[in-house]
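Student: Handing you a structure now.
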Amino acid sequence: MKIARINIAAASLCCFLFFVVIPSFPRVRAVLAAPLCVTDAAAVGDACYVLAGGESVWERLNAAADLVHLGRVPYIYLMDDPSRDQYNVPEGRSWSRGKWYASYLVWRGVPQERIRFVPKAAGFFGTRTEAAILASHLPPGARRVVIVSSAPHMRRALLAFRRALPAAVAVTPYAATELASSQELYYPLWIEYLKLVVYSVVA
């Protein structure tokens, strides 16, 4: 009985070290997340679309602003999120998330006329829904679209957008940061792998 308890304790400790402690190191997590990331550092397109999503959206907006400043894309497309967000003191009212995002891009030097919105739509599969909405709001003649998201999301996003957009439209992935620098790297990676499997079937 005592030996059995020792074996259980040892097995529990090994599991804790293997599944909790070791993956907590950024370099280890970057290795674990590497298959999720696909990106083209030289991405060029007729427009770029910034995927929505939590606090990581700021790193994505920065990357999109860089693409405009580098002359690689003429327009940035965002989902128009009307949800009320933080209070804007100079304005004396709360702004929507979409307004904050546009304001941030303007602060980063992106001209207002280069920022465009697609309407927000409900859907169980968020990335798939965004891809479908963008497909119906692309400007006439668009043949190349750059999608911008956090590094661990890129393979799933690329899958969804390539299936949703017309075959004549080339989709290029552009990770907002290097994998090791992404805020999303510290979220549960197994969830992203699970989403990738699901999207491979339903996207």
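Student: Taking into account only those residues within the range 72-115 that are among the β-branched types (Val, Ile, Thr) and open to solvent by 50 Å² or more (accessible area, probe 1.4 Å), which is nearest to the chain's Cα centre (by Cα)? Working first, answer last.
Tutor: Here is the first cut: in the range 72-115, the ones among the β-branched types (Val, Ile, Thr) are 73, 76, 89, 106, 110, 115.
Keeping just the survivors that are open to solvent by 50 Å² or more (accessible area, probe 1.4 Å) gives 89, 106.
Numbers: Val89: 29, Val106: 20 Å.
Taking the candidates together, the pick is Val106.
Student: Which residues, counting only those in the range 139-154, are surrounded by 18 or more Cβ atoms within 10 Å (Cβ to Cβ), of a type outside the set (A, V, I, L, M) and out of contact with any helix residue (DSSP H, G or I) (no Cβ under 6 Å at 6 or more places or on another chain)?
Tutor: Scanning the range 139-154 gives a single hit, His153.
Student: Out of Arg116, Arg97, which single residue is charged (D, E, K, R) and out of contact with any Asp or Glu (no Cβ under 8 Å at 6 or more places or on another chain)?
Tutor: Arg116
Student: Within the range 54-71, can you find the residues that are surrounded by fewer than 18 Cβ atoms within 10 Å (Cβ to Cβ) and not aliphatic (A, V, I, L, M)?
Tutor: Residues satisfying the conditions are Gly54, Glu55, Trp58, Asn62, Asp66, His69, Gly71.
Student: Say whether the condition of being among the β-branched types (Val, Ile, Thr) and closer than 19 Å to Ala52 by Cβ is met by at least one residue in the range 150-169.
Tutor: no
Student: Is there a residue in the range 123-138 that is open to solvent by 60 Å² or more (accessible area, probe 1.4 Å), of a type outside the set (Ser, Thr, Tyr) and within 25 Å of Gly71 (Cα to Cα)?
Tutor: Yes, there is a match, as at least one residue in the range 123-138 is open to solvent by 60 Å² or more (accessible area, probe 1.4 Å), of a type outside the set (Ser, Thr, Tyr) and within 25 Å of Gly71 (Cα to Cα).
Student: Only helices (runs of 4 or more DSSP H) wholly contained in the range 76-175 count here; list those with 3 or more residues that are of a type in the set (Phe, Trp, Tyr).
Tutor: The helices (runs of 4 or more DSSP H) meeting that bar are 97-107.
Student: Next up: Mind checking whether some residue in the range 165-187 is aliphatic (A, V, I, L, M), open to solvent by 40 Å² or more (accessible area, probe 1.4 Å) and within 23 Å of Arg27 (Cβ to Cβ)?
Tutor: yes
Student: Can you confirm whether Ala41 is at pLDDT 90 or above, small (Gly, Ala, Ser) and assigned to a loop (DSSP other than H, G, I, E, B)?
Tutor: When the stated conditions are applied, Ala41 passes them.
The values are calculated or read from the model by the stated rules, or taken from the named source; none is laboratory data. Only a predicted model underlies this, so the values are computations on that prediction, with no experimental measurement involved. Neighbour counts are summed over all protein chains in view; Cβ atoms, including those assigned to glycine, are modelled from backbone coordinates with ideal geometry. These accessible areas exclude ligands, DNA and RNA; they are computed on the full protein's heavy atoms, side chains included. Shrake-Rupley method; radii C 1.70, N 1.55, O 1.52, S 1.80 Å.
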